[in-house]
Amino acid sequence: MSTMIALLLMLSSLVGCAGETLTNVKNALPDLPVETVSLSVELEKYEETVRDEDGAALAECSYALPVMKALAADGSELETAATEEQARALAAAETFNARFAQWKANPQTLAEAAREDRAFRNESGLAPVPYTDDLSCTVYRTEALVSVSGVYYTYTGGAHPNSILMSWNFDLNGGTFFDSALLDEDGKLKEAVTAELVLQAEKTALENDLAPEEFFWTDYADILADWSSYAVSFNEEGMTVAFSPYELACYAAGSQVFQLPYETLLPHLGQHGRALLGLEGHALEEAAR
C-alpha cells in the first residue's frame, strides 16, 4: 500500500510540473505580428514640353496623375511580394497605375499633330500655335473604392479650348476598374437615377427660362438614361454624373453636372454596392427607420 501511495504522489508531482512547464512555454511565445498591407493613392505632377528642331514648343502638357502604392505595415513601399496579401496589393497597384501611365505618351502624340499643323501654318502665313494639354484630378476613397474625377483641357489651335469631364472608379478588393452600371443589380438603380437626372435637368432649363428641349438637345432624356456611360464619380456627399460640353447641350451651355445624395441611391443598392461605397452604416440606419 505504501508503495502504491508513493507512486501516486510521484505521478501527481509529474503532472503538476508538466502543466506548469506547458504554461510557461505558452507564455514565452512572442505575439506574432498580424500582416497588414495598405494601398495609398496620391496625385503626382507630370509635365513635359516637346519642341521642334528649331526649339519652338510643339506640345506643352501638364497632368496630375493618381499613383497607387502598396505599403507594408511599417509604411515602407513594397517592391516585391513575400505573401499572397502583398501579391494582391501589388497587382492592384499595377493595374491602377497602368491606366494613368498611358497619359505620359500623350505629349509625343500631340507633338506629331502639332508639327504637321505648324508646317501648314508656316506655308499659309499663319502664326504657329503650340498645342496644350492639361489634366487635373481629385481623388476620393473608401476602404474598398478609389474614385477619381478628372477635368481634361486641350487646345489645338481652334476657336476655343475643349474640356472633357472624366472619371475612373476602382474596386480595391477586386483590383479592377468598374463601370458604375455594375452597381445596379436589378435595374432599379438606373431608373431611379435617370428620373432624378431628368428632374434636375428640367429645373436647370426652367431657371434659364427655357423648355428642356430648348436648353438641352431634344433627345436629352435618352442621353440622361445612358448616364453610366458618362463621367460618374463618388465623394463624401454622394454620386456625381457629369456631361462635358456638347454631350448634353451646346458648348455655350457649358458642362452639366448633377449631384445625387447617397440617400437617393441607398434603396436601390445591393450589399456589394453598399460595401463598395462604404455605406454599410447608412444601410443599418435605413433598416432601423
* Asked: Of Val193, Val198, Val241, which residue is in contact with a Leu (Cβ under 7 Å, 6 or more places away or on another chain), open to solvent by less than 50 Å² (accessible area, probe 1.4 Å) and assigned to a strand (DSSP E or B)?
  -> Val241
* **Within region 130-166, considering residues that are under 18 Å from Glu112 (Cα atoms) and not in a strand (DSSP E or B), the one least open to solvent (accessible area, probe 1.4 Å)** => Gly157
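Out of all the residues in region 27-40, is one or more surrounded by 10 or more Cβ atoms within 10 Å (Cβ to Cβ) and at pLDDT 95 or above? It would help to see each step written out before you state the result.
The initial filter retains those residues of region 27-40 that are surrounded by 10 or more Cβ atoms within 10 Å (Cβ to Cβ), namely 35-40.
Next, from what is left, pick out any that are at pLDDT 95 or above: 39-40.
Yes.
Collect the residues in region 167-190 that are hydrophobic (A, V, I, L, M, F, W, C), surrounded by fewer than 16 Cβ atoms within 10 Å (Cβ to Cβ) and assigned to a helix (DSSP H, G or I), keeping them in residue-number order.
Step one: of region 167-190, the residues hydrophobic (A, V, I, L, M, F, W, C) are 168, 170, 172, 177-178, 181-183, 189.
Subset that is surrounded by fewer than 16 Cβ atoms within 10 Å (Cβ to Cβ): 177-178, 181-182.
If the condition is that a residue be hydrophobic (A, V, I, L, M, F, W, C), surrounded by fewer than 16 Cβ atoms within 10 Å (Cβ to Cβ) and assigned to a helix (DSSP H, G or I), then Ala181, Leu182 are the ones that fit.
Collect the residues in region 44-53 that are over 26 Å from the mean Cα position of the chain (by Cα) and open to solvent by less than 100 Å² (accessible area, probe 1.4 Å), keeping them in residue-number order.
From region 44-53, those over 26 Å from the mean Cα position of the chain (by Cα) are 49-53; that's our starting set.
Of everything in region 44-53, those that are over 26 Å from the mean Cα position of the chain (by Cα) and open to solvent by less than 100 Å² (accessible area, probe 1.4 Å) turn out to be Thr49, Val50, Asp52.
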* Asked: What is the one condition in (1) touching a Lys or Arg at 6+ places or on another chain (Cβ under 8 Å); (2) surrounded by 16 or more Cβ atoms within 10 Å (Cβ to Cβ); (3) over 24 Å from Ser167 (Cβ atoms) that Leu71 does not satisfy?
  -> (1)
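Residues are listed down the side, and each one gets a yes or a no for (1) open to solvent by less than 50 Å² (accessible area, probe 1.4 Å); (2) out of contact with any helix residue (DSSP H, G or I) (no Cβ under 6 Å at 6 or more places or on another chain); (3) modelled with pLDDT under 95:
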position	(1), (2), (3)
Thr23	no, yes, yes
Gly55	yes, yes, no
Tyr63	yes, no, no
Ala89	yes, yes, no
Asn97	yes, yes, no
Lys104	no, yes, no
Ala111	yes, yes, no
Glu116	no, yes, no
* Do any residues in region 52-77 that are within 15 Å of Glu116 (Cα to Cα) have Cβ atoms under 6 Å from those of residues that are open to solvent by 30 Å² or more (accessible area, probe 1.4 Å) and basic (Lys, Arg), where the two are at least six apart or on different chains, and which pairs are they? -> Ala57/Arg51; Leu58/Arg115
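For region 43-99, what are the residues that are in a helix (DSSP H, G or I), within 30 Å of Pro130 (Cα to Cα) and not basic (Lys, Arg)?
Asn97, Ala98
The values are calculated or read from the model by the stated rules, or taken from the named source; none is laboratory data. In this text the structure is predicted, and so the values were computed from the model without any measurement. Reconstructed Cβ throughout: ideal geometry from the backbone, glycine too, with neighbour counts over all protein chains shown. Only protein heavy atoms, including side chains, enter the accessible area calculation; ligands, DNA and RNA are left aside. Shrake-Rupley method; radii C 1.70, N 1.55, O 1.52, S 1.80 Å.
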